[in-house]
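Following: one structure in structure tokens, then a few remarks.
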Amino acid sequence: MGEVHGAGRVCVLCPDTCLLSEGKILHTLERNGLTNTTLTYFASDHGGHLEARDGSQQLGGWNGIYRGGKGMGGWEGGIRVPGLLRAPGVLPPGREIHEPTSLMDVFPTVVQLAGGQVPQDRTQCDPGRKLVSCLNTGASMRVYACAYAYVEYYSATKKERRGPGVIDGRSLLPLLRGEEGQSGHEFLFHYCGTELHAARWHQRDGGRVWKVHYTTPRFHPPGAGACYGHGVCPCSGDGVIHHRPPLLFELSSDPAEAWPLSPDSEPLFHTVVARVDAAVAEHRETLSPVPQQLSLSRVLWRPWLQPCCGTFPFCGCQEDGDNTPQKPGL
């Protein structure tokens, strides 16, 4: 998904897995001479869907050592996914980075790559227009910001930030180029729907990565690692457990979140929890309620928020014999 404009091009690709795996998008870029002027970013939006099963057969993917899966806003298995980026001449090849980032970082990364600046106030943008109209880009490149720009604009938490510095994402370029050793996020806040379930703190001084869980899904049956019998785990209500005090993990030594820490086992327990609590409180101060972005009443009259793999307004999604979506194509 994406478009190109002008002599210089930045194309944000949000591809379907099968299209990328067959190489169709990358081959199309090569065929049109766009490889060296295109940033390609491939990632998933969530971990494997553990509840998708056929009897004893797992259908929805595998999350390795990581606990949880799709629909679980706090556990690593639900939110930790690989990211593959390619930009010849811009990013060094073969570089491996073990830093937590966010899909919210796509938008500011693309804007910086194009020589522009992100909007300083979201309220300047008309939600019915492409966000590109709010960008102050350089003359050499113009950006068409596709689906992920709207995710950033409305915020993954379905709430709106106020005041200066309203863009939650951070440009990935300093990290990808090796200019910085850590992500621009000292804290990341992990939501399940509109409910904050967990928060991550990457210490700037010591380098340790702490994870505090305030709410976790109630697995079914007891002792299982997912909510079997449901499509996905619920985010609130009787299907979750609220932890007081919260669960604390140190992800640098325990990425599987297998060993919750306690004041007896971790001398810094209360210090870490207090620091994360303060960051969460500061984060909440920047939020104000807004209508659900993808509610039926909002989407029904806004076709730009509706998925369409046909030719608008005929958006029936069908596949032909070679599994190629009908239109629009590249």
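Residues checked against (1) open to solvent by 70 Å² or more (accessible area, probe 1.4 Å); (2) within 27 Å of Thr101 (Cα to Cα); (3) of a type outside the set (Asp, Glu); (4) outside any helix (DSSP H, G or I):
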residue: Gly229; (1), (2), (3), (4): yes, no, yes, yes
residue: Pro234; (1), (2), (3), (4): no, yes, yes, yes
residue: Asp238; (1), (2), (3), (4): yes, no, no, no
residue: Ser253; (1), (2), (3), (4): yes, yes, yes, yes
residue: Glu266; (1), (2), (3), (4): no, yes, no, yes
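Just so you know, in the stretch 29-51 the residues that are modelled with pLDDT under 90 and of a type in the set (Gly, Ala, Ser) include one that is farthest from Cys235 (Cα to Cα), and it is Ala43.
Just to be sure, is Ala258 in a helix (DSSP H, G or I), modelled with pLDDT of 95 or more and open to solvent by 40 Å² or more (accessible area, probe 1.4 Å)? Here the answer is no, as Ala258 does not meet what is asked.
Taking the condition acidic (Asp, Glu) and modelled with pLDDT of 85 or more, does Glu22 pass? In short, no.
Residue count for the stretch 230-282 under the criterion of being polar (S, T, N, Q) and within 22 Å of the chain's Cα centre (by Cα): the result is 2.
Only one of the numbered conditions (1) surrounded by fewer than 19 Cβ atoms within 10 Å (Cβ to Cβ); (2) of a type outside the set (Ser, Thr, Tyr); (3) within 25 Å of His98 (Cβ to Cβ) is not met by Gln293, and that is (3). Of all the residues in the stretch 210-227, those that are open to solvent by 20 Å² or more (accessible area, probe 1.4 Å) and either touching a helix residue (DSSP H, G or I) at 6+ places or on another chain (Cβ under 7 Å) or among the hydrophobic types (A, V, I, L, M, F, W, C) (or both) number 3. Are there any pairs with C-beta distances below 8 angstrom linking a residue in the stretch 103-116 that is more than 19 Å from Pro82 (Cα to Cα) and open to solvent by less than 40 Å² (accessible area, probe 1.4 Å) to a residue that is modelled with pLDDT under 90 and basic (Lys, Arg), with the two at least 6 apart or on different chains, and if so which? Close Cβ pairs satisfying both conditions: Ala114/Arg142. Looking across the stretch 76-98, the residues that are open to solvent by less than 40 Å² (accessible area, probe 1.4 Å) and within 14 Å of the chain's Cα centre (by Cα) come down to Glu76, Gly77, Gly78. Pro119 meets the conditions (1) surrounded by fewer than 16 Cβ atoms within 10 Å (Cβ to Cβ); (2) part of a loop (DSSP other than H, G, I, E, B); (3) at pLDDT below 90 in every case but one. The failed one is (1). In the stretch 53-63, what residues are surrounded by 12 or more Cβ atoms within 10 Å (Cβ to Cβ) and in contact (Cβ under 8 Å) with a residue 12 or more places away in the chain? The answer is Arg53, Gly60, Gly61, Asn63. Scanning the stretch 26-49 for residues that are in contact with a strand residue (DSSP E or B) (Cβ under 7 Å, 6 or more places away or on another chain) and open to solvent by less than 30 Å² (accessible area, probe 1.4 Å), we see that the one that is nearest to Gly231 (Cα to Cα) is Gly48. For beta carbons closer than 8 Å, sequence separation of 6+ or different chains, a first residue in the stretch 37-48 that is free of Cβ contacts under 8 Å to residues at least 40 places away in the same chain and a second that is basic (Lys, Arg), the qualifying pairs are Thr37/Arg9; His46/Lys70; Gly47/Lys70; Gly47/Arg80; Gly48/Lys70. Within the stretch 165-208, the residues that satisfy the criterion of being in contact (Cβ under 8 Å) with a residue 60 or more places away in the chain, open to solvent by less than 30 Å² (accessible area, probe 1.4 Å) and farther than 17 Å from Ser252 by Cβ are Ile167, Asp168, Gly169, Leu172, Leu173, Leu175, Leu176, His190, Cys192, Leu196, His197. Spot the failing condition for Phe312; the list is (1) at pLDDT 95 or above; (2) open to solvent by 90 Å² or more (accessible area, probe 1.4 Å); (3) aromatic (Phe, Trp, Tyr), and only one is missed. All conditions are met except number (1).
The values are calculated or read from the model by the stated rules, or taken from the named source; none is laboratory data. A quick note: this is a predicted structure, and the numbers were derived from the prediction, not measured. As a convention, Cβ positions derive from the backbone with ideal geometry for all residues, glycine included, and neighbour counts pool all protein chains shown. The protein model used for the area step is the full one, side chains on, heavy atoms only, and it has no ligands, DNA or RNA in it. Shrake-Rupley method; radii C 1.70, N 1.55, O 1.52, S 1.80 Å.
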